[in-house]
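The values are calculated or read from the model by the stated rules, or taken from the named source; none is laboratory data. Remember, predicted model here, so these are calculated numbers, not experimental data. Ideal geometry is used to build each Cβ from the backbone, glycine not excepted, and the neighbour counts take in all protein chains shown. Surface areas here come from the heavy atoms of the whole protein model, side chains and all, with no ligands, DNA or RNA. Shrake-Rupley method; radii C 1.70, N 1.55, O 1.52, S 1.80 Å.
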Amino acid sequence: MNGSKSPGLAGFGVLRNTTCHTEKKISVFFSIIFMTVGILSNSLAIAILMKAYQRFRQKSKASFLLLASGLVVTDLFGHLINGAIAVFVYASDKDWIRFNQYNILCSVFGICMVFFGLCPLFLGSVMAVERCIGVTKPIFHSTKMTSRHVKMMLTMVCLFAVLIALLPILRFRAYQIQASRTWCFYKTEHVEDWEDRFYLLLFSCLGLLALAISFLCNAVTGITLLRVKLKSQQRQGRSHHFEMIIQLLAIMCVSCICWSPFLVTMARIGINESRSKETCETILFALRMATWNQILDPWVYILLRKAVLRNLYKITRGCCGVHIVNLHVWELSSIKNSLKVAAISESPSSKQINPRPLSSRGQ
């Protein structure tokens, strides 16, 4: 697609000399295992989230559950589509010239890799922003963050990720078959053109920005909850806030650990141009690390639920034989009281209310 290159031969230059080899039988086996585990895990997480969404449909937690469901559904389709293409490539002995003469499959693979890579990162940051608003501005959140607005946000995030994925195609730039011959992405070898560098830097910068927004919003949310806990003497209604914050922190940690190597590697290739020393094995390892994100994400919602955490606490307390702390925050099932606590604790009138001493009853 680039000038003198015909569409049928675009991206095949890397197939001639490659030093990155993968064992076919082992690769096919692990690809099938990862795809199956990812599909089952995400399906179970979707069932749990949808059941919770039906319970809290008219409450403030519904917006968080809707965003979380969108994240898990995206991970599910990412495993299903990318995994199926990867298994087909391995099963076909990576003979791209035979089944990809017009570069259609490689383009589809590359678009899916970019979309299903950026979209979960964007959704994770949107969830962190939503929870930050819900904790710091509960009245605004309860009146403005309706299900309709959340669905619009989901649509906008997906459309933006689709636009980024289609950008090379719209600019008549073909996605390239990578040196391992197992996947397609932006050009990562002999990157000299400014546009190829731009795509790599755009992808990595957007991903790192999403992680940074998640970190910042989660930090603000956590500090605000601690302040409310210290100011207010009431011990009610904080269970769902803490449950969602624990899940958000876990999502953020998983995303940072899994995606940082790949995002940093792509940024280094884009910055260093043709002088980049990133090997095929390094890129492939970073890609596999990123793939684990879609497997671990659903287990955050499966394991880090209130009921599971309460049982784990009971087991831990039984094993230790001592009473560590009274987990009163896990007793209630409504988020309404936590919104009242956050609103009352910040209002000036709450500071004027002083409880009457106990000794006055006898007077």
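Sparsely packed loop sites in region 113-188 (the trypsin sites (Lys or Arg not before Pro) outside DSSP H, G, I, E and B with at most 12 other Cβ atoms within 10 Å) comprise 171.
Calculated FRET efficiency, residue 55 to residue 32, Cβ-Cβ distance, R0 = 45 Å: about 0.80 to the nearest 0.05.
Judged by the ratio a/c of the largest to the smallest principal axis of the C-alpha gyration tensor, region 48-104 counts as prolate, that ratio being 1.5 or greater while a/b is larger than b/c. Residue 282 contributes an accessible area of around 60 Å² to the protein surface, as traced by a 1.4 Å probe with all chains present.
Measuring only protein heavy atoms, the 1.4 Å probe finds residue 189 accessible over about 80 Å². Of 281, 192, 130, the residue with the largest accessible area leads and the full order is 192, 281, 130 (1.4 Å probe). The accessible-area ordering, largest first, of the residues 254, 72 stands as 254, 72, per a 1.4 angstrom probe. With the whole protein complex present, residue 146 retains an accessible surface near 50 Å², based on a 1.4 Å probe. Carbon-plus-sulfur accessible fraction, region 162-233 (probe radius 1.4 Å, protein heavy atoms only): 69%. Accessible surface for region 41-134, divided over its residues, is 35 Å² per residue with a 1.4 Å probe. A simple spin-label model places pseudo-atoms 7 Å from Cα toward Cβ; at residue 209 and residue 160 they are separated by 0.8 nm. How large a share of the accessible area of region 27-105, in percent, is made up of carbon and sulfur atoms when the probe is 1.4 Å and the other protein chains stay in place? The nonpolar share, carbon plus sulfur, comes to 70 percent. Note that region 164-230 presents 47 Å² accessible area per residue, ligands and nucleic acids not counted, probe 1.4 Å.
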